[in-house]
There are 2 protein chains.
Amino acid sequence: MITIDEALRLIQQHTMVKTAIDVAAIESLGMTLAEDVASDVDSPPYDKALVDGYAVDAADLKSGSARLKIVEEVTAGRMPTQPIGPGLATRIMTGAPLPKGCDAAVMVETTHVEPDPDGGLGRVIIRGKPMVPGNNVMPRAQAMRRGQKVLSVGSRIRPVEIGVLAEVGRGHVKAIAQPRVAVLSTGDEVVPAETTPKAAQIRNSNGPLLASLVAARGATPIELGIAPDEPEPLRTAIRRGLEADLLILSGGVSAGVLDLVPKVLDELGVREVFHKVKLKPGKPVWFGTFSGNGSDKLVFGLPGNPVGALVAGMLLVRPALLRMAGQPFAPTPTFHAALTKAFQHKGQRPTYHPAVVRREENGARVEPLPWHGSADLFTLSRANAFIHFPAGQLTFKEGERVELIEL
Amino acid sequence: MITIDEALRLIQQHTMVKTAIDVAAIESLGMTLAEDVASDVDSPPYDKALVDGYAVDAADLKSGSARLKIVEEVTAGRMPTQPIGPGLATRIMTGAPLPKGCDAAVMVETTHVEPDPDGGLGRVIIRGKPMVPGNNVMPRAQAMRRGQKVLSVGSRIRPVEIGVLAEVGRGHVKAIAQPRVAVLSTGDEVVPAETTPKAAQIRNSNGPLLASLVAARGATPIELGIAPDEPEPLRTAIRRGLEADLLILSGGVSAGVLDLVPKVLDELGVREVFHKVKLKPGKPVWFGTFSGNGSDKLVFGLPGNPVGALVAGMLLVRPALLRMAGQPFAPTPTFHAALTKAFQHKGQRPTYHPAVVRREENGARVEPLPWHGSADLFTLSRANAFIHFPAGQLTFKEGERVELIEL
């Protein structure tokens, strides 16, 4: 039996980043950029007004007050046609291009307009603060120059990056998509959730649990339902699962009489990398690789007990999903909190114990929940974290800090 | 101009939780439960084995060693048919129901089998630790009793809850779905991302930015594209937007000459609640409500500048989205970090300034980024947080702690 760290090292060794694809920028949320992106425009594309009001020559407003002739009204999407000189102003909107000869803008709130006796657009009376060149103006290309690299290969595409891609005219982009993950539950005793289990049967909670865990991480789940403990249908289902980037099996990997799964995987050319990890719950986890359709696929066999499947999924599958999607391979992040009460823990393997964390004034505090082990999923619905207890016989005092992973 | 807190209070006052729907449990990830859920089964449904091995009478294994006659092999999905008595054992798998007369299970790893001279399944030789009743056994209903409430109305449905729903046979569930959010960009100067802007035009980065922000929060975006500054097409587009639960407009709400949006909203029966908030960037934000199709809809007019739209969206729209989806209305969570360098800030309004936070050994540290204001989206692609600076002229020392929101 290997340690969690050894398991992670082996998984990392076998996890390949997916091939980049060309994708519509608006579809790329959560993907990883597979190219550097440069701007095809200056931003702003012109010296632009940062306020609604009047484009002016700052020299006219050294005192903050002036009476200027309005030569033009520039509306959104139009270029100014009249240059500004001493004594002149142009009505502009926020974001509008500034006319020639203008080097500042005054806010409309500090102005009023008087009609001009000789017709025209009138005179603007300004009573504001003294101005200098550049006031309320954003010079052309200040935020971003044409040709400048604005996004780097390897970046995770967040809403901000989607906005930047639009700003630089990238309707499509090269990116690494999130992996497609097949989820297959196995076992003659497992029946679909919507049926009433007979004696000795249990409902398939792992399929929906694992598929939604995959979806919550941004990857694409493909639920394959339940395969019985018979070689032929199991083989057919696993073969379908191997069309995805990663296959998660649940059940069928402990040492039971009918645990066919490792045998069928071997027959199909899936190479075992490890079986069993020093971890509680989650010990019987199985990991292997498969080369098919020109890419390397991963296969995880998770325990049939739902909490074991969840813990192994969080600790071992998650880093592989991140890496396949082009992000760095990294163990599940941990944090620390102080125990709300004294607690004794005893176990031969590192244990992940359901708990409730509350952020309080003086830092996070964590309460271990009474828990009946790996088949007790119900307790998890009251938990928001797992405490990580190392192996051994341990006694913790109230207030002692423990390591956690978020649920 | 009202404060952020006043704006949030007004938004909260006008935000209604969406009507609950009946939804397939596997589609309910991220929704809010609208009913209490009880179990229709005991879990486990029988006294069950926690290990692969042999069901035994603990009295036979007081010393840890025994030689027992194997009376039956129980495979997955089958019930045992033979009771256990002294000197007898049944081969069982993890999760299997225990035969009558059995009160403990031994692990297969501590056993080997000898053939029986008189035929049958043979004898199992056990060399393990002394056992007491209950060892490696989970009693019926220990995790969950039939009729017991397992999930409560108001819970957010996470993968664990999806698993529990499956376990208790709920194919469908009453839940509050995430809101549908229409996103409409406005302005004659705005052109689609895939076109090359002419002089005085800018690309529509806000539409994709806001739609993906909505999607990243789990809600459903409906991108309506760009409406020009003309009453008729603007009215048509807004009317479409009002079919969603929430409409986000961007642009058209500052004080410019052609800012038609508030006028058209008024004509369509959208009631203004507030316009302008003491916030930088994001000041021109507009908020109103609309009663249509039997439900109360919200309308946010966000600034045309992308960072202003982003900040107002994060601070003001997000809590409304949460509440509509059945979660408590709560301001965007904040956290604190120490400045990596001395910093001066001056502003008449509370300001959200892009920054990079790094988690280090001694706690989080934050570096304010050089930034060109609300039109500078590019700088945001290097940021992972906003520092919240209160209004005023402020001088911070290196190491001083500032408040942040996550980007």
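The values are calculated or read from the model by the stated rules, or taken from the named source; none is laboratory data. Because the structure is a prediction, the values reported are computed rather than measured. Using ideal geometry, Cβ is built from the backbone for each residue, glycine included, and neighbour counts are taken over all protein chains shown.
Of all the residues that make up the stretch A:31-59, how many are more than 24 Å from A:ALA89 (Cα to Cα) and in contact with a strand residue (DSSP E or B) (Cβ under 9 Å, 6 or more places away or on another chain)? So the answer is 12. For first residues located in the stretch B:383-406 and touching a residue at least 60 places away in the same chain (Cβ under 8 Å), partners that are assigned to a strand (DSSP E or B) and hydroxyl-bearing (Ser, Thr, Tyr) and lie 6+ apart or on another chain with Cβ distances below 6 Å form the pairs B:PHE386/B:TYR352; B:GLU403/B:THR334; B:ILE405/B:THR334.
Filtered by the rule that a residue be surrounded by fewer than 20 Cβ atoms within 10 Å (Cβ to Cβ) and free of Cβ contacts under 8 Å to residues at least 12 places away in the same chain, the stretch A:200-229 gives A:ALA215, A:ALA216. Taken over the stretch B:334-369, the criterion of being farther than 18 Å from B:PRO390 by Cα, part of a loop (DSSP other than H, G, I, E, B) and at pLDDT below 95 is satisfied by B:GLU361, B:ASN362. Is it the case that B:VAL273 is in contact with a helix residue (DSSP H, G or I) (Cβ under 6 Å, 6 or more places away or on another chain), within 14 Å of chain A (Cβ to nearest Cβ) and among the hydrophobic types (A, V, I, L, M, F, W, C)? Here the answer is no, as B:VAL273 does not meet what is asked. Of all residues in the stretch A:357-381, those that are touching a Ser or Thr at 6+ places or on another chain (Cβ under 9 Å), among the hydrophobic types (A, V, I, L, M, F, W, C) and within 14 Å of chain B (Cβ to nearest Cβ) total 5.
B:LEU310 - would you say it is outside the structural domain of B:ALA34 (by TED's automatic domain parsing), in contact (Cβ under 8 Å) with a residue 60 or more places away in the chain and under 26 Å from A:VAL164 (Cα atoms)? It is true that B:LEU310 is outside the structural domain of B:ALA34 (by TED's automatic domain parsing), in contact (Cβ under 8 Å) with a residue 60 or more places away in the chain and under 26 Å from A:VAL164 (Cα atoms). Right, A:ASP116: closer than 29 Å to A:LEU165 by Cα, touching a strand residue (DSSP E or B) at 6+ places or on another chain (Cβ under 9 Å) and charged (D, E, K, R) or not? No: the conditions fail for A:ASP116. Testing A:MET1 on (1) within 12 Å of chain B (Cβ to nearest Cβ); (2) closer than 30 Å to A:ILE126 by Cβ; (3) surrounded by fewer than 22 Cβ atoms within 10 Å (Cβ to Cβ), one condition comes back false. Which one is that? Status for A:MET1: all satisfied but (2). The numbered conditions (1) among the hydrophobic types (A, V, I, L, M, F, W, C); (2) exposed (fewer than 15 other Cβ atoms within 10 Å of the Cβ); (3) over 27 Å from B:ASN204 (Cα atoms) are all true for A:MET79 except (3).
Here B:GLY252, B:GLY225 are screened, and the one residue that is at positive phi, modelled with pLDDT of 95 or more and in the same structural domain as B:ALA309 (by TED's automatic domain parsing) is B:GLY225. Only residues that are part of a loop (DSSP other than H, G, I, E, B) and in contact with a Pro (Cβ under 9 Å, 6 or more places away or on another chain) were counted across the stretch B:385-407, and they come to 3.
In this structure, A:ALA211 qualifies as closer than 27 Å to A:ALA244 by Cα, part of a helix (DSSP H, G or I), hydrophobic (A, V, I, L, M, F, W, C) and within 9 Å of chain B (Cβ to nearest Cβ). When you check A:GLU161 against the structure, is it in contact with a helix residue (DSSP H, G or I) (Cβ under 6 Å, 6 or more places away or on another chain) and not assigned by TED's automatic domain parsing to the domain that holds A:VAL106, yes or no? So A:GLU161 passes the test. Regarding B:THR196, is this residue modelled with pLDDT of 95 or more and either touching a His at 6+ places or on another chain (Cβ under 6 Å) or surrounded by fewer than 22 Cβ atoms within 10 Å (Cβ to Cβ) (or both)? It is false that B:THR196 is modelled with pLDDT of 95 or more and either touching a His at 6+ places or on another chain (Cβ under 6 Å) or surrounded by fewer than 22 Cβ atoms within 10 Å (Cβ to Cβ) (or both). Of all residues in the stretch B:108-124, how many are crowded, with 18+ Cβ neighbours inside 10 Å and facing another protein chain (nearest Cβ under 9 Å)? Here the count works out to 1.
Within the set B:GLY163, B:GLY147, B:GLY171, B:GLY154, the sole residue that is without any contact (Cβ under 8 Å) to a residue 40 or more places away in the chain and either over 27 Å from B:ALA104 (Cα atoms) or crowded, with 21+ Cβ neighbours inside 10 Å (or both) turns out to be B:GLY163. Scan the stretch A:153-204 residue by residue and report those that are more than 7 Å from every other protein chain (Cβ to nearest Cβ), in a strand (DSSP E or B) and among the basic types (Lys, Arg). Within the stretch A:153-204, A:ARG156, A:LYS174, A:ARG180 meet the criteria.
A Cβ distance below 8 Å, combined with a sequence gap of six or more or placement on separate chains, defines the contacts here; from the stretch A:103-129, residues that are in contact (Cβ under 8 Å) with a residue 40 or more places away in the chain reach residues that are small (Gly, Ala, Ser) and part of a helix (DSSP H, G or I) in the pairs A:ASP103/A:ALA58; A:ALA104/A:ALA58.
From the set of residues in the stretch B:322-360 that are surrounded by fewer than 20 Cβ atoms within 10 Å (Cβ to Cβ) and of a type in the set (D, E, K, R), which is nearest to B:VAL153 (Cα to Cα)? The residue in question is B:ARG359.
There is no residue in the stretch A:201-215 that is more than 25 Å from A:LEU279 (Cα to Cα) and touching a Leu at 6+ places or on another chain (Cβ under 6 Å). Based on what the data block shows, is B:ALA237 within 14 Å of another protein chain (Cβ to nearest Cβ), of a type in the set (Gly, Ala, Ser), without any contact (Cβ under 8 Å) to a residue 60 or more places away in the chain and more than 26 Å from B:GLN13 (Cβ to Cβ)? No, not satisfied.
Considering only residues in the stretch A:366-381 that are within 17 Å of A:GLY304 (Cβ to Cβ) and without any contact (Cβ under 8 Å) to a residue 24 or more places away in the chain, the one that is farthest from the chain's Cα centre (by Cα) turns out to be A:HIS372. For B:ASP5, state whether it is free of Cβ contacts under 8 Å to residues at least 40 places away in the same chain, of a type in the set (D, E, K, R), within 19 Å of B:ASN136 (Cβ to Cβ) and part of a helix (DSSP H, G or I). Against the criterion (free of Cβ contacts under 8 Å to residues at least 40 places away in the same chain, of a type in the set (D, E, K, R), within 19 Å of B:ASN136 (Cβ to Cβ) and part of a helix (DSSP H, G or I)), B:ASP5 does not qualify.
Listed here are the residues, each with its yes/no results for (1) over 25 Å from B:HIS372 (Cα atoms); (2) among the polar types (S, T, N, Q); (3) touching a Ser or Thr at 6+ places or on another chain (Cβ under 9 Å).
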{"residue": "A:GLN13", "(1), (2), (3)": "yes, yes, no"}
{"residue": "A:VAL23", "(1), (2), (3)": "yes, no, no"}
{"residue": "A:ASP47", "(1), (2), (3)": "no, no, no"}
{"residue": "A:ILE70", "(1), (2), (3)": "yes, no, yes"}
{"residue": "A:THR81", "(1), (2), (3)": "yes, yes, no"}
{"residue": "A:ILE84", "(1), (2), (3)": "yes, no, yes"}
{"residue": "A:LYS100", "(1), (2), (3)": "no, no, no"}
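Please go through the stretch B:183-207 and pick out each residue that is in contact with a Ser or Thr (Cβ under 6 Å, 6 or more places away or on another chain) and among the charged types (D, E, K, R).
None; the set is empty.
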